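Notes follow once the structure below has been shown.
Nothing in this text is a laboratory measurement; each read-out follows from the coordinates by a stated rule. Keep in mind that this is a model prediction, so the values were computed, not measured. Glycine gets a Cβ as well: all are built from the backbone with ideal geometry, and neighbour counts include every protein chain shown.
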Amino acid sequence: MALTKSFKELVQRRVADDPVFAENLLREGIDTMLSGDMETGKSILRDYINATVGFEKLAAATDTPTKSLMRMFGPSGNPQARNLFGVIGYLQKQAGVEFHVTPSPR
């Protein structure tokens, strides 16, 4: 699903103005991927990356080419676990948060 420019700008403004929203956006992207919806999770993380560090800075920090990162979080991207966890680790560090996986009752 293509996003309109105004929606992307809205997300970027909201992330810049509201640190709680930014943290929850990152959390939602990770949680969505962990629940098995990789497409939506990648989309959320792509929006988060664009609104925070940007793909160029992320590429430099993770030693991954910018275009590879953009493909990885694109609709047909299939990130390797090593690359995905490297990105998530960096995003957590930049946001000053640390997420942990805990089992929930069935």
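Reported value for the chain: 112 Å³ per residue, from the convex hull of its C-alpha atoms. The calculated 222 nm mean residue ellipticity attributable to helices in the chain amounts to -22000 deg cm²/dmol, summing -39500 (n - 2.57) over DSSP H runs of n ≥ 4 and dividing by all residues. In terms of surrounding Cβ atoms within a 10 Å radius of their Cβ, 46, 27, 14 rank from fewest to most as 14, 27, 46. Figure legend: label point modelled 7 angstrom from the Cα of residue 21 along Cα→Cβ; residues of region 41-78 with amide N under 14 Å from it are 48, 51-52.
The local environment of residue 65, defined by Cβ-Cβ distances under 12 Å, has a net charge of 0 under the rule Lys, Arg +1 and Asp, Glu -1. The aspartates and glutamates whose alpha-carbon is closer than 14 Å to the alpha-carbon of residue 67, local same-chain residues fewer than 8 away aside, are 56.
Under 5 Å from the amide H of residue 99 lies no amide H of any residue 5 or more positions distant or on a separate chain, with H modelled from the backbone and absent for Pro and chain starts.
Subtracting the Cα-Cα distance of residue 8 and residue 60 from their residue separation scaled by 0.36 nm leaves 16.4 nm. Counted by Cβ distance under 15 Å from residue 31, the other residues give a net charge of -4, where Lys and Arg count +1 and Asp and Glu count -1.
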